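The values are calculated or read from the model by the stated rules, or taken from the named source; none is laboratory data. What you see is a predicted model, and the numbers here were worked out from it, not measured in a lab. Here the Cβ positions follow ideal geometry from the backbone for every residue, glycine too, while neighbour counts run over all protein chains shown. Note: areas computed on protein heavy atoms with side chains; ligands, DNA, RNA excluded. Shrake-Rupley method; radii C 1.70, N 1.55, O 1.52, S 1.80 Å.
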Amino acid sequence: MTVYNPAATADDGYELFGTWTTGSIRLGANSGTNEHPGIRVTNVTIAQGATIASATLGLYAGAVNGTGGAGTIYGRAADNAGQFSTGASLPSAVTKTTASTAVSAVATTGQKTWDVTAIVQEIVNRAGWASGNAMAFPIIGTGSGVNDVQFNDYASGSNIPYLDVTVSVAGQPTTIRFNGIPGMRLGNQSFGRGW
């Protein structure tokens, strides 16, 4: 398991009214216009084509307006993702992965996590991916009115965004837990009460 965080203030922010803003991460809608955040982590030391056992994107919700914010997490379909910015580099405009993860309305504060395993797998499967490259995650917000959530960003200093990845290592045994009834048989094995 390895945890990656944004490396600089410009590595996270949000898009609203076609403008990119750093220093805050907002998801949902503001005045009827959707907010699209983006998070970028650098120096992701995963080999090209590695098998991803699990990957989690974590954000800390510090404030909620109305019913909160919802949307969809994607990966940026790039071998070495650059920072989000204006124009073609806005979260809504960049080329996105096929894999995605739905974000149900975040209506309470605190730590929130989402499974992004398929997204990370798609990125590291790219022919041009190399260990040490950067990954980015555009999140396309949905909603209406003023219903959004504000997450802590890199500049907040605590509870900052993170990507937690576990890579499967070839040749390592996989732990399998069997919760059997004492005395039952599994194949040719019988399990007693002490097992």
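At a glance:
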item: Boolean, residue 128 is modelled with pLDDT of 95 or more, part of a loop (DSSP other than H, G, I, E, B) and out of contact with any strand residue (DSSP E or B) (no Cβ under 9 Å at 6 or more places or on another chain); result: yes
item: Within the stretch 72-96, tally of residues that are under 27 Å from residue 166 (Cβ atoms) and either assigned to a loop (DSSP other than H, G, I, E, B) or open to solvent by 10 Å² or more (accessible area, probe 1.4 Å) (or both); result: 15
item: Flag for residue 159 being closer than 25 Å to residue 8 by Cβ and open to solvent by 10 Å² or more (accessible area, probe 1.4 Å); result: yes
item: Close pairs from the stretch 63-89: first without any contact (Cβ under 8 Å) to a residue 60 or more places away in the chain, partner outside any loop (DSSP other than H, G, I, E, B) and open to solvent by 20 Å² or more (accessible area, probe 1.4 Å), Cβ under 7 Å, at least 6 apart; result: 77/96; 79/133; 80/133; 81/40; 82/89
item: Members of the stretch 126-138 that are open to solvent by 10 Å² or more (accessible area, probe 1.4 Å) and within 17 Å of the chain's Cα centre (by Cα); result: 133
item: Positions within the stretch 55-71 being in contact with a Phe, Trp or Tyr (Cβ under 8 Å, 6 or more places away or on another chain) and either open to solvent by 60 Å² or more (accessible area, probe 1.4 Å) or among the small types (Gly, Ala, Ser) (or both), in sequence order; result: 58, 60, 61, 62
item: Residue tally, condition among the hydroxyl-bearing types (Ser, Thr, Tyr), open to solvent by 20 Å² or more (accessible area, probe 1.4 Å) and part of a strand (DSSP E or B), over the stretch 1-24; result: 5
item: Search result, residues across the stretch 25-45 that are under 19 Å from residue 141 (Cα atoms) and open to solvent by less than 20 Å² (accessible area, probe 1.4 Å); result: 25, 27, 28, 29, 35, 37, 38, 39
item: Close pairs (7 angstrom Cβ cut-off, 6 or more residues apart or separate chains): free of Cβ contacts under 8 Å to residues at least 24 places away in the same chain in the stretch 17-39, buried (at least 23 other Cβ atoms within 10 Å of the Cβ) anywhere; result: 21/13; 21/14
item: Residues of the stretch 142-160 classified as part of a helix (DSSP H, G or I) and β-branched (Val, Ile, Thr), total; result: 0
item: Condition check for residue 154: of a type in the set (Phe, Trp, Tyr), under 16 Å from the mean Cα position of the chain (by Cα) and surrounded by fewer than 21 Cβ atoms within 10 Å (Cβ to Cβ); result: no
item: Every pair of residues 6+ apart whose Cβ atoms lie under 7 Å, when the first sits in the stretch 116-133 and is among the small types (Gly, Ala, Ser) while the second is open to solvent by 40 Å² or more (accessible area, probe 1.4 Å); result: 128/79; 130/48; 131/45; 131/47; 132/43; 132/45
item: Some residue of the stretch 46-54 being open to solvent by 60 Å² or more (accessible area, probe 1.4 Å), touching a Gly at 6+ places or on another chain (Cβ under 6 Å) and either over 21 Å from residue 109 (Cβ atoms) or of a type in the set (Gly, Ala, Ser) (or both); result: no
item: Filter result (loosely packed, with under 15 Cβ neighbours inside 10 Å and in a strand (DSSP E or B)) within the stretch 97-121; result: 98, 102, 104, 110, 111, 113, 115
